[in-house]
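Before any comments, here is the structure.
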Amino acid sequence: MRKILTAFVAITVIFSCQDGKNSNQKILSKSSGNINNLSVVIDNDLWEGSVGEAVRDVFAAPVHGLNQDEPLFKLSQIPPSVFSGFATKNRIVLKIEKGNEAQVKIAKDAFAKPQKLVIVSGNSNQEIIDQIQENADRMIMSLKNEEIKERQRRTKLSLHKNNNIKENLGISIEFPSAYRIAKETDNFYWIRKDITTGTTNIMLYELPYGTIKENDSLVNQIIKMRDSIGQIHIPGPTDGSFMVTEMAYSPFLTKTTIDDKTAYETKGLWDVKNAFMSGPFVNYVINDEANNRQLVVEGFAFAPSVEKRDYMFELESIIKSIKFE
């Protein structure tokens, strides 16, 4: 009987190990950190020299479309000698390694979960700088996507559910319950949230497919479109005032995708005609060929005298939650 029991225990242990529960897999703790706070693991000498300058030039570059300089990421430098324990749990980490082959590696869930770790290495300062500059877009996109997912996770904790956007526009979009439907007419939606110094806002509406064409006048088409919508739907505080595009600031245009559909992303500044109000906006024209339309989604913030990066980042994360039904 004892031999049978021993054999049974041995078999159980073997199958448990094969199942992975008693294997060498790491049990990762939950990551932490404020959104867009990037831990930079780098020697003090490198941080204070040309390598640190290259890191700041790329990862603390000003965000496009804001009316004041705010960095892409808030950087916190950590010397490698103290990068252990709780210090390794930040959600996004940049690690600089001198003395190794020149390359950029991006790892997922290395010390915590979820986590994105970017490792930049080189045998000399110049090799490291070259890797940073040549791979800037790829590294920023990877880190930013991780933060978008985190912002969306937090939004899911308290979703606004009392709306008929899915029925009228054929999309789902996840935004917090703190927002309200301020205006709904003819498949136009204006969604707002009160903040300490103003509001954050989202607009959704449809255009016939091909209204906005990809040619040399693309930016001008988008400006003309949003100005006409502002005049109809977004009034200012005085009679005859309405939201328009601030033409003193050249909008930043790029091509992207929303739910696997081609979209034109425009970042710039808005102001109110005949009134002293302004702020940043991000506008997406999404090509929905299957439904013979272009869906326009815009986020804009009114938050005078305070930083606006995080407000706009929340709006961007909401817009990127869109799914076409």
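The residue that is least open to solvent (accessible area, probe 1.4 Å), among those in region 212-253 that are part of a strand (DSSP E or B) and more than 13 Å from Leu269 (Cβ to Cβ), is Phe242. When restricted to residues that are surrounded by 18 or more Cβ atoms within 10 Å (Cβ to Cβ) and in a strand (DSSP E or B), region 49-74 contains 0. Just a yes or no: is a residue in region 157-164 surrounded by 16 or more Cβ atoms within 10 Å (Cβ to Cβ), at pLDDT below 95 and under 23 Å from Glu325 (Cα atoms)? Yes, that holds for at least one residue. Do we have Ala107 as more than 30 Å from Ser278 (Cα to Cα), touching a strand residue (DSSP E or B) at 6+ places or on another chain (Cβ under 7 Å) and part of a strand (DSSP E or B) here? Criteria met by Ala107. Residues that are under 26 Å from Pro237 (Cβ atoms) and among the polar types (S, T, N, Q) were ranked within region 168-211; the one that is surrounded by the most Cβ atoms within 10 Å (Cβ to Cβ) is Thr200. For beta carbons closer than 6 Å, sequence separation of 6+ or different chains, a first residue in region 127-141 that is open to solvent by 50 Å² or more (accessible area, probe 1.4 Å) and a second that is of a type outside the set (Phe, Trp, Tyr), the qualifying pairs are Glu127/Ala102.
Of all residues in region 108-116, one or more are at positive phi, open to solvent by 20 Å² or more (accessible area, probe 1.4 Å) and of a type in the set (D, E, K, R).
The values are calculated or read from the model by the stated rules, or taken from the named source; none is laboratory data. All of these numbers come straight from a predicted model, not from anything done at the bench. So basically every Cβ, Gly included, is an ideal-geometry build from the backbone, and we count neighbours across all protein chains shown. Each accessible area value is taken on the protein alone, full model and side chains, heavy atoms only, with ligands, DNA and RNA left out. Shrake-Rupley method; radii C 1.70, N 1.55, O 1.52, S 1.80 Å.
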